[in-house]
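What follows is a single structure, written as C-alpha cells, with notes after it.
The values are calculated or read from the model by the stated rules, or taken from the named source; none is laboratory data. Treat the numbers as computed from the prediction; the structure is a model and nothing was measured. Virtual Cβ from ideal backbone geometry, glycine too; neighbours counted across all protein chains shown.
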Amino acid sequence: MGYSVTVNIYSFEGADDPNFELGEFDKDNFPAEVIIPTEDKYSSVCFAMWANMRDLGISPIDLDPEIKHIAEIAPFDELPVSLDPPAVRSRHAPMPPVMYYGWEIDQNKWFEWAKDHGYSVMYNLITFEGADDPNFDLEDFEDDDELPPEVIIPTVDKHHSVCYALWTIMRNLGIKPVDYYPVKATLGGGEFTRLVVLTDNYHDDDSLTEENLEKLQKILGRDDVPKWYPSTYFQWNRDRDRQ
C-alpha cells in the first residue's frame, strides 16, 4: 500500500558480533561507523495508521478516555514508591508501568541542530505519483495493477536524527544512553511530549553523575532538574521482567 519506511541505521563495524560491547571503547577510539538501510517496521505501521486516521479526521489521543486520564499526570520530582519495581518479582503482583526520567526537549529545535551538525538520518519514503493531490485516494483504484507508479522520496527523519545527535552527545559526556533511541514520547503534561531520557524505573545507571548531568543540562539549555514522566505504554504488566 506504499507505507514502507526505510531508515538508515547508524551502527559500528563489528556490531553484529554477539560479544561486541560499546562500553569497551573510549570515545576517542570508537570503531568506524557503518550505515545500514533498513525497513523500519514500527515507523511503517505508524505512518500507515496515522495516514488512515488523519483521513478519517481522528486524533489518536481521542480514542481512549484512559489515555486522556494518563495525559493529565503531571511529571514527578521523585519516583512514587508504587512505580518503583520491586527487587524481587512476585507472581501475584503486576509490575509497574515504565516511567522515564529526563528533560523535555523541543524536537523541532534539535532537529535543526542535528541537520546543521551532520547528524541527519535519511529514509526513503515510498509513495505514489499524484499522492500529494488532496483528492488522491487509494480506494479509487480497484486493483493493485491499476495503482499509479511508486515514487521514492529521500527524506530526513526528524526523530531518528534527533536521537542520533543526542545519543552521541550523551556518549561523549560519559552518560550511558538507555538505548539507541534516547528521545522518547510521553503523555505527561496533557499532550504528547518528547523527552531526552536519562534512565527509567527499570534501570540503574551509575553514569548519571552530578558532573555529567550538569554538562548535559547546560547543553540542553535547562535550568531545572530532570523529572519522571509516564511512558506512552502506561500499564501494570504481569509479563514484564525486571531488566
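Which one is modelled with the lowest pLDDT, of the residues in region 139-154 that are exposed (fewer than 11 other Cβ atoms within 10 Å of the Cβ), outside any helix (DSSP H, G or I) and of a type in the set (Asp, Glu)?
Glu142
Taking the conditions exactly as written (closer than 22 Å to Ile219 by Cα, part of a strand (DSSP E or B) and hydroxyl-bearing (Ser, Thr, Tyr)), does Tyr119 satisfy them or not? If you could, list the steps in order and put the result at the bottom.
Numbers: closer than 22 Å to Ile219 by Cα: yes; part of a strand (DSSP E or B): no; hydroxyl-bearing (Ser, Thr, Tyr): yes.
For Tyr119, the condition - closer than 22 Å to Ile219 by Cα, part of a strand (DSSP E or B) and hydroxyl-bearing (Ser, Thr, Tyr) - is not met.
For region 42-52, indicate whether the set of residues that are in contact with an Asp or Glu (Cβ under 9 Å, 6 or more places away or on another chain), modelled with pLDDT of 85 or more and not hydrophobic (A, V, I, L, M, F, W, C) is non-empty.
The answer is no; no qualifying residue exists.
Return yes when Ala185 is surrounded by 13 or more Cβ atoms within 10 Å (Cβ to Cβ), touching a residue at least 60 places away in the same chain (Cβ under 8 Å), outside any helix (DSSP H, G or I) and not polar (S, T, N, Q) and no when it is not. Give the derivation first.
Values: surrounded by 13 or more Cβ atoms within 10 Å (Cβ to Cβ): yes; touching a residue at least 60 places away in the same chain (Cβ under 8 Å): no; outside any helix (DSSP H, G or I): yes; not polar (S, T, N, Q): yes.
Criteria not met by Ala185.
Look at Tyr123 and say whether it is touching a helix residue (DSSP H, G or I) at 6+ places or on another chain (Cβ under 7 Å) and of a type in the set (Ser, Thr, Tyr).
Working: touching a helix residue (DSSP H, G or I) at 6+ places or on another chain (Cβ under 7 Å): no; of a type in the set (Ser, Thr, Tyr): yes.
Against the criterion (touching a helix residue (DSSP H, G or I) at 6+ places or on another chain (Cβ under 7 Å) and of a type in the set (Ser, Thr, Tyr)), Tyr123 does not qualify.
Answer yes or no: is there a residue in region 163-171 that is at pLDDT below 90, closer than 22 Å to Lys41 by Cα, surrounded by 11 or more Cβ atoms within 10 Å (Cβ to Cβ) and not β-branched (Val, Ile, Thr).
Step one: list which residues in region 163-171 are at pLDDT below 90, which gives none.
No, that holds for no residue.
Within region 155-164, is there a residue that is assigned to a strand (DSSP E or B) and in contact (Cβ under 8 Å) with a residue 12 or more places away in the chain? Talk me through it step by step, then tell me what you get.
So the first thing to find is which residues in region 155-164 are assigned to a strand (DSSP E or B), and the list is 155-156.
Then drop every residue that is not in contact (Cβ under 8 Å) with a residue 12 or more places away in the chain, which leaves 155-156.
Yes; the residues of region 155-164 include at least one that is assigned to a strand (DSSP E or B) and in contact (Cβ under 8 Å) with a residue 12 or more places away in the chain.
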